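Enquirer: Quick one: the structure is below, and I'll ask about it shortly.
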Amino acid sequence: MGGGMTTVERTQVFLLPDLGEGLSEAEIVEWRVAVGDVVTVDQSVVEVETAKAVVDVPCPYAGRVVTLHGAAGEVRPVGQPLITIAPLDGGDEPAGHATYREEERAGSGNVLIGYGTGHGTATRRRRRPRLAVAPEPADAGPTGGTPAAAGAASGDQAPPSAALVISPIVRRLAREHGVDLDTVRGTGPGGVIRRADVEAALTAPAARLAAVPDPQVGSAPAGDGDVIVPLTGVRKVIADKLSRSRREIPEVTIWVDVDATSLLETRAAINAATPDAPVSILALLARICLSGLRRFPQLNARVDTEAQRIVQSAGVHLGIAAQTDRGLLVPVLRDAQRLTTAELAAELAATTAAARAGSLPPARLTGGTFTLNNYGVFGVDGSTPIINHPEAALLGVGRIVDKPWVVDGQLAVRKVTQLSLTFDHRVCDGGVAGGFLRHVADCVERPALLIAAV
């Protein structure tokens, strides 16, 4: 035998890296390369969607692509093969290229490039909309290959559709529910069809749904007209987290109606004085919550069940529940207690906008110690929300509406809202929870109290 290794022996298999933040899988959105392409170290080879963000994954190897493990729309577990690379003809990789980066060997997950990660000044390249193509095969097969290549090999290529679709996830969602993309009106830039557009079509009265049950799901067959929604991605993470919260946390909800008229007047006065830096009601409520948590730090905590202890956090990492096209997300403002009210308002606006755009990195969606949930935007008065595990409390705010209210013994019409506090009874008893909620309610009704408390 000779001293060298064969090309097959020297192929390198890049495994889906540790994505961090407790994520264990990712869905392939789009391959950036095809079998036979030459790649360099750190070149982005695939775009994947985790439960928390859409990220580009660069490959730590240089060479020629031999196999793509998985097709667009397929979920790959962390640690499983993602792409196989063979050395270029001649046996040597380009000079100066490391075969595997140190942080990748350490499993840090730093190789992931998310939308809006904030590293340097580089911006993510936006792809131009393109015509929808034939549905991807469910399995790329042992040779990998791109969906387009698989279609060509089978000789069964569907003609291009006039519908503008970028995301394979959107195409897959439409295919699973029998939605004709040619009949869907896209609301994205240039008429691009987004996931929300397909979901809206599903709820339309005239929608013809022909969902096919997943043969891998051990459930009863779906009846005619049933809608099958795969429990994957963000929806799966939300389901798992809420289920865990209900299993582990003995939660209690208390509530109170409050007169928010003075709070609205205070906001109007602030914005009139600082028109270039307006504050929102949510920002004022966040400031009030921070004041309450300083008085009642028991609620800014979590229960460490393994160590049998309660951990009260030194800083308030404020989570803000935000409804997005991908589901309910809770972006976190770390050390929110250090921000001024104007800074809170600016950060809240930027963070919620980034969450809805899908541009927050996974690290911004975990690590919260207390959550503020404004479900009043949905036009509801109250709720008994589930705690965002492993936090210990969540404050919910209902809609602000005109209601009859007694002021100084006289009936008047005031701006009234309902505040609800759901808390983990393990971290405190009713006296602490009631004290916190009463402090929040008093500050809403008399904002001057907030000034005295800061």
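Enquirer: Any chance you could look up the accessible area of R334 with a 1.4 Å probe, heavy atoms only, rounded to 10 Å²?
Expert: 140 Å²
Enquirer: Using a 1.4 angstrom probe on heavy atoms only, work out the carbon and sulfur share of the accessible area of segment 283-351 in %.
Expert: Looking at segment 283-351 in its full context, I get 47 percent from C and S.
Enquirer: Please list 272-284, 360-372, 341-353, 66-78 highest first by mean number of surrounding beta-carbon atoms within 10 Å per residue.
Expert: Numbers: 272-284: 14.9, 360-372: 21.5, 341-353: 17.9, 66-78: 19.5.
Most protected by this proxy first, the peptides run 360-372, 66-78, 341-353, 272-284.
Enquirer: Could you compute how much accessible surface H425 exposes when probed at 1.4 Å, giving the result in Å² to the nearest 10?
Expert: 80 Å²
Enquirer: Where does segment 260-359 land on Rg/Rh, using Cα atoms and the Kirkwood Rh? Could the numbers behind the result be given before it?
Expert: Details: Rg = 15.6 Å, Rh = 15.1 Å.
Using only Cα positions, Rg/Rh for segment 260-359 is 1.04.
Enquirer: Another one. Could you run the Karplus curve 6.51 cos²θ - 1.76 cosθ + 1.60 with θ = phi - 60° over segment 269-277 and give me ³J(HN,Hα) per residue in whole Hz, x for Gly and Pro?
Expert: These are the phi-based 3J(HN,Hα) values: 5, 4, 5, 5, 7, 10, x, 7, 9 Hz.
Enquirer: Taking amide hydrogens as modeled 1.01 Å from N in the peptide plane, which residues meet the under 5 Å criterion relative to T324, leaving out close sequence neighbours?
Expert: L329
Enquirer: Length gain on complete extension for the stretch Q410 to V13, per 0.36 nm per residue less the alpha carbon to alpha carbon distance?
Expert: 135.3 nm
Enquirer: Also: Given the Cα atoms of segment 23-76, and with Rh set as the inverse mean 1/r over their pairs in the Kirkwood sense, what is Rg to Rh to two decimals? Working shown, then result.
Expert: On the way: Rg = 11.1 Å, Rh = 11.4 Å.
Computed over Cα atoms, the ratio is 0.97.
Enquirer: Sticking with this structure for a sec: Out of residues 5 or more away from T67 or on other chains, whose amide H comes under 5 Å of its own, with H placed 1.01 Å from N in the peptide plane?
Expert: Answer set, sorted by chain and number: T84.
Enquirer: Hey, another quick one. Karplus couplings for segment 418-430 from phi (6.51 cos²θ - 1.76 cosθ + 1.60, θ = phi - 60°), rounded to Hz, Gly and Pro as x?
Expert: Each residue of segment 418-430 in turn: 10, 9, 10, 10, 9, 9, 7, 5, 6, 8, 6, 9, x Hz.
Enquirer: What FRET efficiency would be calculated for the residue pair I228, R399, taking the C-beta separation as r and a Förster radius of 25 Å, to the nearest 0.05? The partial results should precede the final answer.
Expert: Details: r = 33 Å, r/R0 = 1.33.
It comes to 0.15.
Enquirer: Just to check I understand the Karplus step: with θ = phi - 60° and J = 6.51 cos²θ - 1.76 cosθ + 1.60, what whole-Hz values come out for segment 227-234, glycine and proline as x?
Expert: Calculated HN-Hα couplings, in order: 9, 9, 10, x, 8, 9, x, 4 Hz.
Enquirer: While we're looking at this one, here's another question. Give me the mean projected area, in nm² to one decimal, of the convex hull enclosing the Cα positions of segment 302-454. The partial results should precede the final answer.
Expert: Values: hull surface 43.9 nm².
Result: 11.0 nm².
Enquirer: Still on this structure, I have one more. Mind jotting down a quarter of the surface of the convex hull over the alpha carbons of segment 219-286, in square nanometres, one decimal? Could the numbers behind the result be given before it?
Expert: On the way: hull surface 39.9 nm².
Seen from a random direction, the Cα hull of segment 219-286 projects 10.0 nm² on average.
Enquirer: Let me cross-check I193: its accessible surface, 1.4 Å probe, with only protein heavy atoms counted, in Å² to the nearest 10?
Expert: Answer for I193: close to 10 Å² accessible.
Enquirer: Okay, next question. Using just the Cα positions, wrap segment 370-420 in a convex hull and report its mean projected area in square nanometres, one decimal place.
Expert: Details: hull surface 16.8 nm².
Directional mean of the projected Cα hull area for segment 370-420 stands at 4.2 nm².
Enquirer: Between D276 and T324, what is the FRET efficiency for a Förster distance of 25 Å, r being their Cβ-Cβ separation, to the nearest 0.05? Each step should come with its number before you reach the end.
Expert: Working: r = 28 Å, r/R0 = 1.12.
Efficiency, rounded to the nearest 0.05: 0.35.
Enquirer: Same structure, new question: Using a 1.4 Å probe, what is the accessible area per residue for segment 321-454, in Å²? Provide the component values of the computation, followed by the final result.
Expert: Numbers: 5740 Å² over 134 residues.
Heavy-atom SASA per residue in segment 321-454 reads 43 Å².
The values are calculated or read from the model by the stated rules, or taken from the named source; none is laboratory data. Quick caveat: nothing in here was measured; it's all calculated off a predicted structure. Quick reminder, even Gly has a Cβ in these numbers, built from the backbone with ideal geometry, and neighbours come from all protein chains shown. What goes into the accessible areas is simple: the full protein's heavy atoms, side chains included, and nothing from ligands, DNA or RNA. Shrake-Rupley method; radii C 1.70, N 1.55, O 1.52, S 1.80 Å.
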